[in-house]
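Okay, structure first, notes after.
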Amino acid sequence: MFHRLRLTCLAIAYSCAWAAPAASPHRPLVLDMVHYNPGEARYETSYENPAVIREMGYNGKVYFLFDSPTLAVNWESVDPDIFPAGSPGRAWVDEVATRIDAEHAAAKAQGLSVYAMSDLILFPKSLIDKYKLGDTFGDPRNHKTEKFLRLLIGQVFDHFPNLDGLVVRIGETYLHDAPFHRGKINQREDADQTIIPLIQILRDEICVKRNKQLIFRTWMSFDTNVARYLKISSAIEPHPNLVFGVKHCENDFHRGNAFSKIIGQGRHPQLIEVQCSREYEGKGAYPNYIARGVIDGFEEHLPSLPSEHIRSIGEFARKNPLYAGLWTWTRGGGWGGPYIKNELWPDLNAAILARWALDPQQDEAVLFQNYSTHKLGLDEPNAKKFRRLALLSADAVLRGKTGTRREISPWWSRDDGINKPDLPSDAKALQRVLDQQDEAVALWREIAALAREIKFPDVNTADYVTVSSDYGLHLYRIYQAFVHLCALGEKGSPDELRTWFAAYDSAWADYRKLPARSPQCATLYREAGASVGGVGPGLEKVIEKIRKAAAN
């Protein structure tokens, strides 16, 4: 498994025709973040270079959870016993603070605004123990919790003056790389007990007292219930520095998930979140162009939403004054692999989205053409083929993962693990699922053929487009055979089982040859279930069980 990857990076320098537009004080926020796997060594990525993302069009950077200043204050001005000088905790905190100072200075030198994502409520273990907060510190209404939370926010902005704002989440708490802290939140979906009082404290400390920005994420707290969202929106007085963060789809970044119902609702500006190397869809190991769907609407959303409803981020940005901008995760999300060595596919999504977000009147197809010609150096005929490949990838991923009607839960394959899909019991729905598995593979075959036809000036790009397209083809052949075998089950007809076992084994054999063919090939999926967050038994166990039954 790769932890520190040597990337075949795309060229940093952009031609004048593809250079980022000049800065303007009235532009939306266009932010980027790299999400590392919690508890693992960090992978290398060009997107940690502030100069790279500035040239892409971003005007701000969000630092990940374990680069949050909430972990890097020493509490000395409040109570020197929390991290005493010379203690292991103090050494750790000071080391984090030194790293954060350097990161912020580098971003500021490129003219970027600086934000940090932070889990709340998060306190040092020693503070919790000394002041006996263990039972109460997850409750923002508790007077001691409120007192120390306000003190924490004050120290954060006092110690890190380059910080322009915090991005706060309460959906989960990750402590894998925070050995001296504890996190807790009570009733994260309760508007009255948790969300409203917490936002009010943060609004007062960050927006009002310090004239800094608060981006409060709605995810896993008030992102799917419109009534709850509107109640919170009504209870919190708007402020120029207060923004709500909203994913473009509900729940996680799955194709097939519903378009967010809360986009455009209430009275607070909304920053839209987009994952560019999707954790449930290969993480950039194969083509997966989602920028057009984010901007103009995904095919699974458009038919189900009435025309008067906001149906895409493009409509929201062009028609609704609540549009505050876009926040991408160029890399990361989820756990484990695949680990990529070439950032082409996340770069394509991120570069289109960043430039579009600055001026939502732009046409996505024109931005794509500019990227193809000025970034990749393609002439018009080859740019058209590259466009066709990218659009086909979006169709293939949807059909192979959930189906156009979302008749398979998307959780069956995530990161680099594969689990048994929960197939529909209705015969017609099941047949649609199987037909779309076949359709996905047919699309991947076209993608793989196009990859060989496109004449890229750069040999590394040509190699990566080819090997990553084959990666998608063979992985989705594995999906196809696996889903068909799961549908047949242990009592399937012997002839059909033999046919699909042969297809399954052949797909794995072709897939496993890819790393030897190109050093740019991403790490492979495992013949097992997802190590974190997988639903249902792992692929290997399911196949073994069906093989045994078929042999008897």
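Since every read-out is calculated from the coordinates, none of them should be taken as a lab result. The model shown is predicted, which means the values in this text are computed figures rather than measured ones. Virtual Cβ from ideal backbone geometry, glycine too; neighbours counted across all protein chains shown.
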**OP:** Compute the distance in nm between two label points, each set 7 Å from the Cα along the Cα-to-Cβ direction, one at N49 and one at H143.
**Re:** 5.5
**OP:** Could you compute the FRET efficiency for K541 and E446, with r as their C-beta to C-beta distance and R0 at 30 Å, rounded to 0.05?
**Re:** 0.35
Original post:
By per-residue mean of other Cβ atoms within 10 Å, what is the highest-first order of 363-370, 309-316?
Top reply: 309-316, 363-370
**OP:** Taking the convex hull of the Cα atoms, report for region 380-551 its projected area averaged over all directions, in nm².
**Re:** 10.4
Original post:
So for region 280-367, what are the equivalent ellipsoid semi-axes in whole Å, largest first, each being the square root of 5 times an eigenvalue of the Cα gyration tensor?
Top reply: 25, 15, 12
**OP:** Evaluate the charge dipole of the chain about its Cα centre and quote only its size in Debye, nearest 20, assuming +1 on the Cβ of each Lys and Arg and -1 on the Cβ of each Asp and Glu.
**Re:** 200
Subject >> Full-stretch length increase - D359, S531 - with 0.36 nm per residue and alpha-carbon distance subtracted >> reply: 57.9 nm
Original post:
Which listed residue (F222, A291, L242) has the Cα farthest towards the positive end of the charge dipole for region 185-301, taking +1 on Lys and Arg C-beta and -1 on Asp and Glu C-beta about the Cα centre?
Top reply: L242
Original post:
Cα convex hull of the chain: mean projected area in nm², to one decimal?
Top reply: 26.1
Original post:
Once amide H atoms are built 1.01 Å from N in the peptide plane, which residues 5 or more positions from G60, or in another chain, come under 5 Å H to H?
Top reply: V30, D32, S113
Subject >> Per-selection Rg to Rh, region 303-346 - Cα, Kirkwood hydrodynamic radius >> reply: 1.16
Original post:
Semi-axes of the equivalent ellipsoid of region 474-522: what are they in whole Å, largest first, if each equals the square root of 5 times a C-alpha gyration tensor eigenvalue?
Top reply: 27, 10, 5
Subject >> Set K184/K283; K247/K375; K283/K420; K283/K341; K385/K420; K108/K283 screened for pairs whose C-alpha atoms are more than 23 Å apart >> reply: K184/K283; K247/K375; K385/K420; K108/K283
Original post:
So for the pair D438, K125, with labels modelled 7 Å out along Cα→Cβ, what separation do we get in nm?
Top reply: 5.7
Original post:
Any idea what % of Cα-Cα pairs in region 339-401 are farther than 19 Å?
Top reply: 37
**OP:** Hydropathy first: keep DSSP H helices in the chain averaging at least -1.0 on Kyte-Doolittle, then drop any whose Cα extent along the axis falls short of 30 Å, and list what survives.
**Re:** 88-109, 380-401, 427-453, 459-488
Original post:
Convex hull over the alpha-carbon atoms of region 196-296: what's its volume per residue in Å³?
Top reply: 107
Subject >> By average C-beta atoms within 10 angstrom, highest first, the peptides 515-527, 224-236, 285-297 >> reply: 285-297, 515-527, 224-236
Subject >> Antiparallel content of DSSP bridges confined to the chain, in %, to 5 >> reply: 15
Subject >> Distance in nm between pseudo-label sites at V78 and H159 (7 Å out along the Cβ direction from Cα) >> reply: 1.0
Original post:
Over region 42-182, how many percent of alpha carbon pairs lie in each 5 Å bin up to the one with the longest distance?
Top reply: 2, 9, 19, 22, 20, 13, 7, 5, 2, 0
Original post:
Using only helices, what value at 222 nm comes out for the chain when you add -39,500 (n - 2.57) per DSSP H run of length 4 or more and divide by the total residues, to the nearest 500 deg cm²/dmol?
Top reply: -12500 deg cm²/dmol
Original post:
Alpha carbon centre of region 362-386 versus region 505-523: separation in Å?
Top reply: 29
